[in-house]
Every structure is written in C-alpha cells, then in structure tokens.
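The values are calculated or read from the model by the stated rules, or taken from the named source; none is laboratory data. This structure is a prediction, so every number in the text was calculated from the model and none was measured. Reconstructed Cβ throughout: ideal geometry from the backbone, glycine too, with neighbour counts over all protein chains shown. Keep in mind that these areas ignore ligands, DNA and RNA; they rest on the heavy atoms of the full protein, side chains included. Shrake-Rupley method; radii C 1.70, N 1.55, O 1.52, S 1.80 Å.
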Amino acid sequence: VFEVKIASTGAVYKVPGDKTVTAFLEEQGVKIPTSCEQGMCGTCKIKVIEGEADHRDKRLSDQEKAEGFFLACVSRAKSDLLVLNL
Ligand code: FES
C-alpha cells in the first residue's frame, strides 16, 4: 500500500496492493488515459514530482525515468507517497 497525491487538487489516495494506480484512481473519479495497460505503449505516462517510483514497465528509457516519469498502469511506488503531476 502506498499513497498518491494529485498535485493540482491536493487529494491523497491510498492505493491498495491488488489494484493498479490507473484502475484505482479511475474508481475514485481521476481518469488517466490508458491503452495497453501492460507497461508497453506509454499512454499512461505521468511525471512524478515527489517520491520514488517502482518501475515495472518495459518501455521507459533510463532518461525518462531519471526525469521522473513513470507508467501508471503497471508501476508502483518504493516510497510511501508519490506526488503526481496531474
Ligand atoms: Fe500502455 Fe500504460 S497504458 S503503458
């Protein structure tokens, strides 16, 4: 379990271990565009402003990761909180 914070609204959500960030946020009314939902296409790319992502995709370059992006359909968090640029 980790938390995500939506930078634009300040809303904080606790993501359960059995749900992806995109699926869980959609249930909460926060829609993130997705396509493959397997960490392949890059549609769900979001910038993480604070916190450390746990990358589980096969798509992002090392540079994109270094710039703070993560793919929300598969990736999770190593830190307790991720602040998302949404
Ligand atoms: Fe394709 Fe996330 S929806 S990488």
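Overall shape of the chain was characterised from the C-alpha gyration tensor. The equivalent ellipsoid obtained from it has semi-axes of 17, 14, 12 Å, in decreasing order. Based on DSSP H segments of at least four residues, each scored -39500 (n - 2.57), the chain has a per-residue ellipticity at 222 nm of -3000 deg cm²/dmol.
Surface composition of the chain: carbon and sulfur atoms hold 44% of the protein heavy-atom accessible area at a 1.4 Å probe. Taking every C-alpha pair closer than 8 Å and separated by at least 6 residues, the mean separation divided by the residue count of segment 3-86 gives a relative contact order of 37 percent.
In a fully extended conformation the segment linking GLN28 and ILE49 would gain 5.5 nm over its present Cα-Cα distance, using 0.36 nm per residue. Ordering VAL4, VAL74, THR34 by Cα displacement along the dipole of the chain toward the positive end leaves THR34 in first place; charges were set at the Cβ atoms of Lys, Arg (+1) and Asp, Glu (-1).
In the full protein context, segment 1-44 carries 57 Å² of accessible surface per residue, based on a 1.4 Å probe and ignoring ligands, DNA and RNA.
Loop-only trypsin sites (Lys or Arg not before Pro) in segment 1-85, please: DSSP not H, G, I, E or B, and at most 14 other Cβ atoms within 10 Å.
LYS19, LYS31, ARG56, LYS58, LYS78
With q set to 0.13, 0.18, 0.22 Å⁻¹, the log10 of I(q)/I(0) for segment 33-77, from the Debye formula over equal scatterers at the Cα positions, is -0.21, -0.41, -0.62.
Calculate how many DSSP beta bridges within the chain are antiparallel, expressed in % of all such bridges and rounded to the nearest 5. Beta bridges within the chain, antiparallel portion: roughly 75 percent.
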